Every structure is written in structure tokens, then in C-alpha cells.
């Protein structure tokens with residue numbers, strides 16, 4: 001069970017200090033938006049490169065951008081350990097995943113809430129992680145969409161069917177109220193933004209979320 005706080009809800013004026021507040025996190029989730037694929041504008045590779053130099057925690061870049069085939073490799077070069085592209089935007093997802101891996105990054109594919117997992121079953125061996133969005137991408141602080149839980153279960157079943165070691169990440173509305181449902185459904189990597197950075201002690205919240213996810217997974221396996 002890995003907890004990946006999103007800095008979308010952190011203080012952009014001092015991201016180095018904000019990352020230091022989540023020292024026990026497994027990854028730092030960086031939401032890259034271009035104001036085209038989604039109606040918001042955030043980071044680019046230059047800022048990500050600066051953050052990579054300031055963070056001892058590996059970076060997990062989520063690219064909500066048009067033309068990831070062209071731009072995604074730059075985020076590996078900028079220092080990201082994992083790079084996620086949206087399959088709705090990628091023209092050649094297999095080639096892109098292989099390019100990310102060839103440069104030393106973990107390749108991840110994201111799906112919006114309405115995008116089914118089944119058409120991409122054959123891509124699973126090419127991927128290190130699948131990200132299922134549990135809100136519409138673009139803004140933090142949105143309410144978790146329970147309708148995505150069956151897709152999480154189907155994605156996990158497909159991974160088990162093929163025997164792949166692909167991680168299953170969820171992003172959107174993850175909190176102490178929702179993380180157990182996600183873990184029970186089969187997710188093992190959790191992006192939490194506002195739940196972490198609105199807490200009085202963000203690192204304690206990271207620990208609480210991880211404990212809840214681990215407990216839910218153990219209960220589901222009994």
C-alpha cells in the first residue's frame with residue numbers, strides 16, 4: 001500500500017518545504033496540466049526538475065496534457081521516477097510506454113472515469129502502473145465517484161488474469177472516508193491531495209491513510 005500525496009493542494013510558493021512535511025510518503029504526485037486537455041494550468045518540466053532536486057522522495061508525474069507522445073519523455077529527463085500519460089490523449093501508447101521505460105522511468109497509463117479498462121487489457125504487460133481517475137481530471141478537492149469502484153475491481157481482475165506486477169493507482173477524492181473502499185476493490189497506490197495537505201499534520205495523515213488501506217486489503221483477502 002503506497003501513499004502518494006498530490007502537491008496540487010500544497011503551497012506553491014515553497015514546494016520544497018511542503019514536500020518535507022510528508023517525509024513518510026512513498027511518492028510525491030505532481031499534477032501537470034496544460035489548460036488544453038484539462039481546464040487548468042500547473043507545472044512544466046522546468047519546475048518539476050527543480051522539485052526533483054529539492055525532494056528526496058521520488059516524483060510521480062501525472063500528465064494531463066495533449067500530445068504526451070511528444071512531451072512525456074521530458075519528465076523522465078527532469079527527474080521523475082514514474083510518468084503517467086492519459087490514454088485518451090496518447091496516439092501510440094505502447095511506443096510511449098516503452099520510451100518512458102527505456103529512459104529509466106516507470107510507465108503508467110491513466111483513464112478518465114468514463115474510459116473503460118477492457119480495451120487496454122493487452123497493454124498491461126507494457127505498463128508499470130494503471131491510474132484510474134475517481135474524479136474528472138483538472139482540479140483538486142473533488143468528491144470521490146463511487147461509480148469507479150467496479151472499474152477498479154475489473155482492472156485488478158485483469159491484472160491477476162495476466163499475472164502482471166502492474167500497480168493500480170487511484171486518484172481523486174481519496175480520504176479517510178474513501179480509501180478503504182478503493183483498497184478493498186484492489187487498488188494499491190493512492191493519490192491524496194486535499195486530505196493530506198488540509199490536515200494539521202500531513203505526515204501523520206499519510207500514515208493514517210496507509211494503515212486504513214492495509215487494513216482494508218487484509219480484510220478483503222480473508
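Quick one: which of 31, 60 is under 16 Å from residue 191 (Cα atoms), outside any loop (DSSP other than H, G, I, E, B) and out of contact with any helix residue (DSSP H, G or I) (no Cβ under 6 Å at 6 or more places or on another chain)? Answer to the selection: 60.
For residue 58, the conditions (1) buried (at least 19 other Cβ atoms within 10 Å of the Cβ); (2) under 16 Å from the mean Cα position of the chain (by Cα) all hold with the exception of (1).
Of all residues in the stretch 4-44, those satisfying the criterion of being out of contact with any strand residue (DSSP E or B) (no Cβ under 8 Å at 6 or more places or on another chain) and buried (at least 16 other Cβ atoms within 10 Å of the Cβ) are 9, 10, 15, 18, 21. Scanning the stretch 172-201 for residues that are in a loop (DSSP other than H, G, I, E, B), crowded, with 24+ Cβ neighbours inside 10 Å and modelled with pLDDT of 95 or more turns up 174, 187. Please work out if residue 134 is over 22 Å from residue 206 (Cβ atoms), surrounded by 19 or more Cβ atoms within 10 Å (Cβ to Cβ), at pLDDT 95 or above and in contact with a helix residue (DSSP H, G or I) (Cβ under 6 Å, 6 or more places away or on another chain). Against the criterion (over 22 Å from residue 206 (Cβ atoms), surrounded by 19 or more Cβ atoms within 10 Å (Cβ to Cβ), at pLDDT 95 or above and in contact with a helix residue (DSSP H, G or I) (Cβ under 6 Å, 6 or more places away or on another chain)), residue 134 does not qualify.
Among the residues making up the stretch 140-152, those that are assigned to a helix (DSSP H, G or I) and surrounded by fewer than 13 Cβ atoms within 10 Å (Cβ to Cβ) are 146, 147, 150. Exactly one residue out of 70, 98 is surrounded by fewer than 15 Cβ atoms within 10 Å (Cβ to Cβ), out of contact with any strand residue (DSSP E or B) (no Cβ under 9 Å at 6 or more places or on another chain) and in a helix (DSSP H, G or I): that is 70.
Report, by residue number, each residue of the stretch 103-139 that is over 18 Å from residue 164 (Cα atoms), assigned to a loop (DSSP other than H, G, I, E, B) and free of Cβ contacts under 8 Å to residues at least 60 places away in the same chain. Those that are over 18 Å from residue 164 (Cα atoms), assigned to a loop (DSSP other than H, G, I, E, B) and free of Cβ contacts under 8 Å to residues at least 60 places away in the same chain: 103, 104, 112, 113, 114, 115, 116, 134, 135, 136.
Filter the stretch 168-187 down to the residues that are in contact with a helix residue (DSSP H, G or I) (Cβ under 9 Å, 6 or more places away or on another chain) and closer than 15 Å to residue 127 by Cα and list them by number. 168, the sole residue that qualifies.
The values are calculated or read from the model by the stated rules, or taken from the named source; none is laboratory data. These figures come from a predicted structure and were not determined experimentally. Cβ coordinates were reconstructed from backbone atoms using ideal geometry, including for glycine residues, and neighbour counts include every protein chain displayed.
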